[in-house]
Every structure is written in C-alpha cells, then in structure tokens.
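The values are calculated or read from the model by the stated rules, or taken from the named source; none is laboratory data. Every value quoted in this text rests on a predicted model; they were computed, and no experiment measured them. Cβ coordinates were reconstructed from backbone atoms using ideal geometry, including for glycine residues, and neighbour counts include every protein chain displayed. These area figures cover heavy atoms from the full protein model, side chains too; ligands, DNA and RNA do not enter into them. Shrake-Rupley method; radii C 1.70, N 1.55, O 1.52, S 1.80 Å.
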Amino acid sequence: MIRSLWPLHRTVVRAVERELMHTGMTAGQHAVMDELCRGGPRTVPQLARLLGLDRQPVQRLVNDATALGLAESAPNPEHRRSRLIRLTLKGEAIIRGIQEAEETELRRRLSDLTTGDVTTALHVLRRLGEEFKDLARDAPPHPTDRGDDRR
C-alpha cells in the first residue's frame with residue numbers, strides 16, 4: 001500500500017493540473033485554496049502544517065494566489081506579525097466551482113465503491129499518516145525548512 005502512494009499522489013497531481021489548465025492555478029495553489037475554503041482563514045505556518053509542507057513553499061503558493069487575485073492577507077487578531085490568509089470572493093467562487101466539478105466527477109467514476117470501502121480506506125490512510133508522523137518526529141529538519149514555525 002505504501003509503495004502505491006507515491007505513484008497515486010503523482011497521478012492525482014497530474015489530474016488536478018489537467019483540470020486547472022485554463023485557470024492559471026497550479027495544483028499547489030489548489031491545495032492551499034481548498035484548505036482555506038474548507039477551514040477558513042489561516043496563517044501560512046498553519047497552512048503548511050495542515051498540508052504537510054514546509055512554510056517557504058506554502059508562502060510562495062500564497063503569494064502566487066494573491067497575485068492572481070484569489071487570496072489576500074488580513075490582520076490576525078491573535079498575532080500582530082502573522083497575518084491571516086483568506087480567499088477573495090473571486091477565489092472562493094473559483095475553488096467552489098472546482099470542488100463541485102471534482103466531486104461530481106469522482107462520484108461518477110467511483111460509484112462502485114461502498115461507504116464501507118471509503119470508510120476503511122480513510123481509516124487505513126489516517127493510521128499510516130499517524131505512524132509516519134511519529135516516525136518522522138525525530139528526523140533532522142528538511143534543508144528547505146529554514147525558520148521558526150511559530151510566526
């Protein structure tokens with residue numbers, strides 16, 4: 001199963017990129033916008049943790065989405081220096097449209113899977129995630145992780 005995750009991830013990214021071809025967005029921007037749509041405004045470090053990425057690449061994705069008019073920064077009442085990133089009205093409309101199209105297509109293509117199949121798959125993936133997070137806990141910092149995550 002673990003050996004299947006890398007090729008699956010790359011295939012999913014390619015499929016998402018194909019769907020985004022005419023939007024000007026990348027799969028990474030899609031992931032950030034999807035998280036903002038589902039969970040509301042977040043700081044860049046919060047987004048990085050949720051996406052399992054380093055802060056610097058997430059900041060670049062946020063900068064790109066902001067340049068496209070899809071996201072914007074706002075004051076953070078809980079922290080003076082760490083701004084909240086939120087979707088613009090344009091960004092929210094675009095990501096909701098993409099989410100609806102993705103959901104429709106996946107429901108059509110995966111209609112043979114039962115609720116039990118999906119529940120079991122989610123359970124296994126979450127457990128794998130927990131165990132690998134635990135295994136990675138004492139790993140040396142990634143070379144691109146140059147900074148304090150608390151900002």
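The set of residues from region 12-42 being polar (S, T, N, Q) and either in contact with a Cys (Cβ under 9 Å, 6 or more places away or on another chain) or part of a loop (DSSP other than H, G, I, E, B) (or both) comprises THR23, THR26.
Does region 46-97 hold any residues that are open to solvent by 60 Å² or more (accessible area, probe 1.4 Å), in a loop (DSSP other than H, G, I, E, B), within 24 Å of LYS133 (Cα to Cα) and not hydrophobic (A, V, I, L, M, F, W, C), and which are they? The answer is GLY52, and nothing else.
Among the residues of region 1-40, those that are open to solvent by 70 Å² or more (accessible area, probe 1.4 Å) and either over 30 Å from THR120 (Cβ atoms) or under 13 Å from the mean Cα position of the chain (by Cα) (or both) comprise HIS9, VAL12, MET21, HIS22, ARG38.
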